[in-house]
Every structure is written in structure tokens, then in C-alpha cells.
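Inspection log for the structure reproduced underneath, given as C-alpha cells.
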């Protein structure tokens, strides 16, 4: 009966297992699988799976590989088989819809493991040849160490969720160890045995199929111990850092009783270093430590550092009646004496004065307060920190706080107590000051203003002894006065002034309070007024090459015009060695240009070189650069082309990888390693509140797929990636590395966009914000991901954006304030008007949604502000001060609107229009959280300007800035470069036509340069010369300075040599012509003899005309021949090497070559190959 019950139970178990469906399978925490009561149909269906196990390097089948497939949940489904001579395997009755673990193993290969669903059909498994790590462990006498534990970790970074277990082995009686079946990668290996020092080594890389030998010597540990005491008091010194430095380093800290101990010390020569912040450091003579030696009583006596005190604050300006507080930092002081002095104005106005260098009595300081402060939680050899409060309020004036302690310790800081705060702006043409009352938070009217040279003019004032007293007469100030005046009702003083001196501004209020600030130098923007464009014929050179360079000088007027006949100085220096390679003077011609050459010495230092140019030898502000390196040019280039200009959700992206030698032949059968990355995109026109305080989250680190392929006979490979389905737009980057037959690798990448649908939506409000009464026009654009217009239906909704201060979050209102269905036209565009009148004001979120042909939802949003007639208070997340403008670019001069936003509803804001000067200003009072202000922009403000908002609040100053472009027009020169033909032979005469036109296609008389450079050079260093249009017509920086009184490579590969007609004239630059002039038709024709290089040449032309137009262009041409012979040689030799050289022959023709005769000579003498063989090549072989 018992046996029958057991059989029934087993039968039920088996039937139950077969009867469960995949949907009702659960995996328990302990790994067991439990099946529910499904109909079992899915499990009862069997299928056939088959495949091959191939060598990943040779792509040949692996015989005798063991393929094991088992249910990952330890349920039904297990198969084990061995591949045949072709590496083939097959399972006929395979149970589907089960999650399996597949393991493939073969002798001499890294095992393959994969867990997941296995679909019926055919598949291929590639096994990588194993890496082997082996070695011997011996002691210092050379005897083998038996039984040492050897632990190997794959050093690919620790993964918290999937930690990699180490592999552990033990040495045999000969001290040998061995690890087989290692995948390619980096490793950390540890050797450990009792009685010996544990050793760890990092192996940078073990390659596929490589046998890596790592011997290791283990040493018996030595030790060093002793006691550290304090000099003079013979007291233990604890917590000292004690380190033993030699070929390796050891470190420890002294204990409470002053003792220390260093264990596991290797034999060798060392120096002992003893350090601590409270003691002078000790560095001992060299100590010789033998293996296993125990050194005891190695004692030290340390000397304490002198007592110190520092007094400091984060702001050195205080208002009358406010608490004056400083921070105090002390060392070896149980107490300090604090004093406050009143300081003569002349001492402060002198500037650049260190109070610690003054004698307070001799300098006329008046002591007004003195007290002692005990140091809290005093510890004799540690720094202590606490506050230092002045217990009584101080009247307006200049002061100095002083702390003194034992051992002549002293530290002083100046500070002021004042009701006056100033913001000073300085340009080449004027001085501007905005004065405010720190007590009343309002502009300070009718305050006296003095602009002075802050170097004392008279020696007697340097010895001024009078205490602080506001001068009755401005003339009595101990400085050289440049200008004086008073602030207006708006607190502003603006005085025209041209001076190259460093000036300061002093403002004195009616109550005698004062503040001052230095303006700095106004002439630091000369490089933006007179611009020097400097470039070379190519980016990188070898020692011994000739560098060709050109200088173009232009001065800023309405547009840029030539710096005609201007004398300049230049210096070419190596930045790494600060070594001058060439210097001198040049004079620009009538086009504002000059050119020259530098022949690099054979022993020239490698590194980065600067060509520095300027009006004086001490003002070389213009700069161009080039590099000197020992390089070998790469032999081939990689092009990656997506099959479509963009993809959408659900597509399979396909890329064509094409690799060709620079002489035109394809790389047949070369290995391609590839990796796909994904980057999330966002509409950068809108920045939401939660993103404002954080940087972009875009990243280039999400790997989607990686793998390997081989190029076909045409040098091509196709890579595919299923892009998935995500609710946002993305960029897919494919990065490929191609390895040719001589083991040279080159990496290239390409990017393609992946959209949520066939198109994306752009929301472009006509302005960044609107007033309630003005027309609110918004343009919608529907564009494909390559920028082409798409006609599409779109639904537009506008929601009020509400700030919830308690929850600290924005939410949409429940119902939209506006909703409309529209359809973009054939240009992918439509304009619509929002309601003219809104019941409420603040932020509004415009949301546009549409669907493509696959019904993918596509959306976009944009936040805009709408403010009421008087603006006033609005429920929003306000910062201290924000400034925005209704437009970022003006096509023509005109009026703009600035919108000020602040959490302070009663403060004054000074708005300034700045650029080359302070053009205009307006002081307004906030009568709510939002304040619109109108400003007029004039044409002389071009090419751009800055609006700066400044708000003073108590002792704090808040500033916000917005930029506006007012660009110049008709600044582009178009240049077309046309070689007479696309392909030339080595040494042939090349003819090139250049044509210069303006933006409308009209011919221009222009000055041009042409450089013809081997394209391979740009694989070593990219062309770093900036675009001429960007260089000359980029936005200028703000020339107005503002200050305040408030807070105070080597590439491996074969070289290029050989043919029946021996090519001997090789050059990286085929020709450099710096001074080409076009005729009245905008044309110029040049001709030159090509070198013998078989390569693609890049033609780079740059040019400009007398009216300020600039531009550049690039083209290529190929120089090649049908049969190419090269030598494959190492990058370098070491004395005593035996060298084997390889002759490489390439066919660059589309026909087969049945017989090729070769000859190898050394110093003119023919040498025989190791193995003679007839040579024939297929097309492009």
C-alpha cells in the first residue's frame, strides 16, 4: 500500500509539472520552481533547436564541445550533447517556453553561459580562445613555496548586485600555479601564505589565447616599533602619522601611550616620516631593513609648532546696530586677547595693505574695545574653532579686529560698519557707481562720490596718524583725486572717463558712513577689439618638419576691417618647456595679413607649441597652436553610415561600416569590434523648476549592445540594433574599432537620432513671456528627426502651472485655460494665438500632442510667463532675483521688455545695459513679485549686449544677467574648392580652382590660403583651427567690470614606402599657398606637383575680404596607383633585437593579378625571404 501511494504521488508530481504553463510558473526565493494548475499545452509541445559552436577568432567549428542546457528554475528540461567535427549540435525533442541556462565548454576555450528563453531554430555560439595565467612562487632564496594560496579576481569593477567570485588555487611542491579558461580582461591576483607577506599584483590585460607568466617572490615579514614623545615634557605623542617610505610604503599612527608598530615590512632601504598638524615633521636618514628583522625601540622626539591664531569672517561689512561677529581659529592657545581699533580712513583707502604688517599705534589706530576670550574644549595640539562676538554695537567707520595670544601670536582683519553699499562698474569710457542704504534697502541719493587713484600720492599720507573722522573737505583725502560728484535721486553716479589706471570709488553718505571699491583695469578686452586669427597648414608635425603659418589681423568697427600696415611682435614657444623656438616682428600688409615659416630642429622638443602675436612684446594676446610629435600615420580610415537619416520606436537601426586604406583599397576580412550607446534627449528650450539647480542628466554611458564582426571583401560590415520603445527621444551612438591584418586598430563613431515617432514637435513662442494685454503668438513646428517639415495634426492645451509651497512642487490646474486642434501645413508649421485675456497670471505650460502613422504619441511642452497690468504678487517659486528678456535676439534695434522676478516685494533693482560700455540704466522698485521694465536697444550696441539686474538686501547683494544678440549682417564669405580631377598619380601636376562669393552668390575679391595635407594627419590630430566666422563674429564678452563693497599619440602600422618606380618624395603637406588673391570674378587657379604619397589629400581653404567677410571650405582628392608595396615594421627597436620584416603587397585594382614579382633589398642588397612563394592577388587583394 505504501509503495502504491509513492508511485501515485510521483505520477501526480510529473503530470503536474507537465500540466503547468509558463504564465503559472513561480521561482521561489531559494531558487526552486513551482508550477500552477495550467493546461500544460505549452510544455507538451516539443521543438527542434540546432546550432554550431565556432571559434570566435577563426570562425571554424569546434569539435567535442559540450553543450549543456538545463532548466534555470531546476524544473523539467535538461539536455547534454557533444558537437561533431563541424561543431554542430542538435536537440530534437526540446521543451519550449521554459527559462534555460545554456553552458558551452570546450578544451582551450572560455566557457559560454547564457540564461533566458531559447527559441526553436538555429543559433551560433562563439567561444573565445582561453587566456592562461601561470607562474612560480618562490621565497627570497629562490626555493619554491608550496601550499601558497593564489586568489584571482577579474578586475572589472565591483558590482554590488552581481559580485564576481574569485578563483582560488594553491601552489604545488614546485611552487607552480595555473589558471585556465580566462576571458580577456584585467585581473587582480593575490598570493598568501602564513609566515610570509601577502602580495597583490594588477595585470592590465590578458588577451584572448595568450599565456601570461607571472612569477612571484614572497618575503618573511620584518617589523619596526618604538615610542614618540614630545620634546621638553617627555609626554607621549598620540595620533601622529608615521610612514616608512622606500620602494614600497608602510604607514601607521601612534597610540595613546605614544607607541607605534609597523608590520609586514619588506626588506629594503627606507626613510621614516613622522607628521602631524601640531608638530614639526621629522624625516630620518635611510634605514636598512633585512628580511624577517624585528627592530624595536626606534624612538622619536617631536617638537610642537608655535601657537597660532586666525580671525576671519565671511563678510567684512556690517551695518550700525547689527551684531558684529567673527570666526576664531586657534592652535596651542588656552585664551586670546581681543581688541577692536578704529582705523584712519587713509589707511583703508590706500588699499593692498595687510593689517598684520602695521603697528596699530604708529598707524594711528584708536583702541575702543578690549576683552579676553577663553578657548572652548582646548586641546594642546589640535586646531580649535569658535565664534568671536563683539558685545557692543559700533558706530559707522573703519575698524580692525585683533587677536593676540602667548608667544607673540597676533592676527588682524579690517572691517567696516557703514550704512553705505556700492556697486561699481568700469569700462574703457566711463565709471559707474550705484549706491544704496544698507539700513533702508533703497538707493542713496545725494551721496558724495570720489574717484581716485588708490596709490597714496604723498609720502606724508603714508604715515597718517589721525583717527577716523569723515573729512570736512574732499580735498583733504589722502589720495590723488581723479573725479568727484554726487549720486542722483536713483543712487547712480555715471562719469565719462578714459584712463588706464587702476582706480577706486569712494562714496560717503550723509551720516558719515562710507564705502569704497576698486574698479580694476578697463583695457583687458583689447583682444576682442583687435582680433588676430593665427593658423598653420596642419595641426601636427615631426621634428625636422617645416611649419607654415599665417596671421590675419582685423579691427572691430561696424564690421571687421583689416589692421593695415600694423607692426606686430610674435613668439613661438613650447608650452611644456617654456622654450622659445622663434621670435621677431612682422608688419601686416594692406589685407591685414602676414605669413611665415619655422623649420623645426631635428632635436626639437615634443609637445604643444603656441604662436603668440600682439602689439607689444609684453602683450602677445593672439594665439594659434600646433603640436610636435613622433607619429606614424594611420593607413586606413573608417566611415559609418546609418541606412536611414533617423529611426523611430520599434525600428531596427542599421549602420554600414566601411574601412578603406587611404590609397583607396578596402580592408578585406578585418575584425570590427562595435559598441552601441544610448543618450536620452530633451527639448532644451524649456528648463523645468526641478532641473534648474542641477546639470543635464544626459550621459554617454548606457551600453545597449556590443560585439564583433568581420569586414567583407568590399571592406564593409553591417551592424544592427533593435532600438526598443521608449517615451522619449534618444540618440544612438555606434563606436567601432577596426583591426587590420598588421594589428593596427582605429576607432570611429557615428550618431543617429531615434524618435518617439515619425516627427517631433517644437513650440516656439514669439516671446519668452507676455503681458496680459499683448498679442500672444505661438508657432508650432512638426519636423522629422533629420529636420525636414512634416504636415501633422496636433492638439494644443495650455495649463496654468501652480506652485504648491507647502508641498514644494508645481502642478497643473485641473482644466486647461485654452485648448485647440490644429494641423501644420506642408512647411510643418502653424501659428496660433492664445487668449488675449487670462483670469490669473503666472506660469503657463503649453502642451502639444500628436500621433504618427504608427499611432505613436508625440508630445512637447514649453513654459511661458503671463503677467498682469501691474504685475504684483504671483504664486510661484521665486528666487532672490531673476531676470529674463522677452527675446534673446533682435533683428533690428528697438524696444525690449525685461521681466524682474523676486521673492522680495519691496526692494529696489538697478538695471544696466552693458557691453562695450554702460550704455543705459534704470532703477525701479519692485511692487510685487514680478516687475516688467522697458528698455531701448540701439544699433551701436551690436553685436550683443548684456542686461544686468542688481539688488541690495541688507548686507547681501543679488545679481542676475541676461544676454541679447544684435548680430551683424552679411559677414560670410563662401569659398568653393574644385580640383581639376578627383584622382591623380604620384608626382603628377594638380590644378585647383578657388572661387569666393558672398551670401548672395556675388563674386568677391578676396585673400585666400590653400593647404593640401595628407588626410591621415587628421586622424592623429583633428584640425583645431576655429571657424573664421565664429572667431571674428562670435558674441563679445561683457567689457564692463563689476566690483562691490559688500563682501569683500603613437599609432602602430606599416610605413609607406616602395614601387617599381621608387617613390621617394613623401610629405605630409603637399603644398601651402598663403597669399592667393581672387580676381573680379572671385576666382583664382593654382597648380602644384604632388608628392609620391599614396593617400587622400585634404584641401583646406580659408579666406577674407576687405569688407570683413570671412569663411573657409574643405575638399579631398585621391592619389593612388594599381599596385602598392609596403614594409610592415615595429614601432621601435631595442639594442640587441633580432628583426623580422614583412613585405606587404596590395592590389588597388578591380582586376585579378595572376603573377606579381617582388624584390626585397637592404642598403641596395637583395635579401631572400624565409620562404619563397609565388604571389598572385585577386581584385583589391
Residue check: is residue 397 modelled with pLDDT under 90 and surrounded by 17 or more Cβ atoms within 10 Å (Cβ to Cβ)?
yes
Within the range 37-44, is there a residue that is at pLDDT 65 or above and either farther than 28 Å from residue 709 by Cβ or surrounded by 15 or more Cβ atoms within 10 Å (Cβ to Cβ) (or both)?
no
How many of the residues in the range 219-252 are over 21 Å from residue 287 (Cα atoms) and either at pLDDT 95 or above or part of a strand (DSSP E or B) (or both)?
3
For the range 293-321, give me the residue count where each residue is under 30 Å from residue 273 (Cβ atoms), under 44 Å from the mean Cα position of the chain (by Cα) and outside any loop (DSSP other than H, G, I, E, B).
3
Here's a check for you: in the range 350-366, which residue that is outside any loop (DSSP other than H, G, I, E, B) and touching a helix residue (DSSP H, G or I) at 6+ places or on another chain (Cβ under 9 Å) is modelled with the lowest pLDDT?
350
Would you call residue 801 touching a helix residue (DSSP H, G or I) at 6+ places or on another chain (Cβ under 8 Å), assigned to a strand (DSSP E or B) and either at pLDDT below 90 or in the same structural domain as residue 861 (by TED's automatic domain parsing) (or both)?
no
Can you pull out the strands (runs of 3 or more DSSP E) entirely within the range 927-966 that have at least 2 residues that are outside the structural domain of residue 914 (by TED's automatic domain parsing), in contact with a strand residue (DSSP E or B) (Cβ under 9 Å, 6 or more places away or on another chain) and surrounded by fewer than 19 Cβ atoms within 10 Å (Cβ to Cβ)?
956-965
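Given the condition farther than 25 Å from residue 492 by Cβ, at pLDDT 90 or above and in a loop (DSSP other than H, G, I, E, B), answer yes or no: does some residue in the range 890-899 qualify?
Yes, some residue in the range 890-899 is farther than 25 Å from residue 492 by Cβ, at pLDDT 90 or above and in a loop (DSSP other than H, G, I, E, B).
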Give the residues of the range 556-581 that are under 33 Å from the mean Cα position of the chain (by Cα) and in a strand (DSSP E or B), sorted by residue number.
556, 560, 570, 571, 572, 573, 574, 579, 580, 581
Report yes if residue 1098 is more than 30 Å from residue 967 (Cβ to Cβ), in contact with a helix residue (DSSP H, G or I) (Cβ under 7 Å, 6 or more places away or on another chain), surrounded by 14 or more Cβ atoms within 10 Å (Cβ to Cβ) and modelled with pLDDT of 75 or more, otherwise no.
yes
Only one of 108, 135 is buried (at least 17 other Cβ atoms within 10 Å of the Cβ) and modelled with pLDDT of 90 or more, namely 135
Any residue at all in the range 597-611 that is surrounded by 14 or more Cβ atoms within 10 Å (Cβ to Cβ), at pLDDT below 90 and under 30 Å from residue 1045 (Cβ atoms)?
no
Within the range 358-385, residues being surrounded by 13 or more Cβ atoms within 10 Å (Cβ to Cβ), within 12 Å of residue 335 (Cα to Cα) and touching a strand residue (DSSP E or B) at 6+ places or on another chain (Cβ under 6 Å) number 4
Can you confirm whether the range 524-531 contains a residue that is surrounded by 19 or more Cβ atoms within 10 Å (Cβ to Cβ), at pLDDT 95 or above and farther than 30 Å from residue 493 by Cα?
no
Only one of 919, 867 is farther than 19 Å from residue 776 by Cα and surrounded by 17 or more Cβ atoms within 10 Å (Cβ to Cβ), namely 919
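Residue by residue through the range 270-292, note down the ones that are over 30 Å from residue 372 (Cα atoms) and not in a strand (DSSP E or B).
Passing the criteria: 284, 285, 286, 290, 291, 292.
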Within the range 647-664, track down each residue that is part of a loop (DSSP other than H, G, I, E, B) and either touching a strand residue (DSSP E or B) at 6+ places or on another chain (Cβ under 7 Å) or at pLDDT 90 or above (or both).
662, 663, 664
Of 64, 116, 121, the only residue that is within 27 Å of residue 211 (Cα to Cα), in contact with a strand residue (DSSP E or B) (Cβ under 9 Å, 6 or more places away or on another chain) and loosely packed, with under 15 Cβ neighbours inside 10 Å is 64
Quick one: residue 445 ticks every box in (1) surrounded by 15 or more Cβ atoms within 10 Å (Cβ to Cβ); (2) in a loop (DSSP other than H, G, I, E, B); (3) modelled with pLDDT under 90 except a single one, so which number is it?
(3)
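One line per residue, one yes/no per condition, for (1) within 30 Å of residue 519 (Cβ to Cβ); (2) not assigned by TED's automatic domain parsing to the domain that holds residue 384:
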position	(1), (2)
261	no, yes
271	no, yes
275	no, yes
278	no, yes
294	no, yes
314	yes, no
336	no, no
341	yes, no
344	yes, no
Could we say that residue 1118 is surrounded by fewer than 19 Cβ atoms within 10 Å (Cβ to Cβ), touching a strand residue (DSSP E or B) at 6+ places or on another chain (Cβ under 6 Å) and either at pLDDT below 90 or not in a strand (DSSP E or B) (or both) here?
yes
Collect the residues in the range 905-915 that are modelled with pLDDT of 90 or more, assigned to a loop (DSSP other than H, G, I, E, B) and closer than 15 Å to residue 952 by Cβ, keeping them in residue-number order.
907
If you go through the range 253-266 one residue at a time, how many are in a loop (DSSP other than H, G, I, E, B) and on the phi < 0 side of the Ramachandran plot?
5
Here is a check on your reading of the model: is residue 504 within 42 Å of the chain's Cα centre (by Cα), at pLDDT 85 or above and buried (at least 20 other Cβ atoms within 10 Å of the Cβ)?
yes
May I ask you to verify whether residue 743 is modelled with pLDDT under 85 and out of contact with any helix residue (DSSP H, G or I) (no Cβ under 7 Å at 6 or more places or on another chain)?
yes
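The values are calculated or read from the model by the stated rules, or taken from the named source; none is laboratory data. Please read these numbers as outputs of a predicted model, since none were measured by experiment. When we count neighbours, we look across all protein chains shown, and the Cβ atoms used for this are built from the backbone with ideal geometry, even at glycine.
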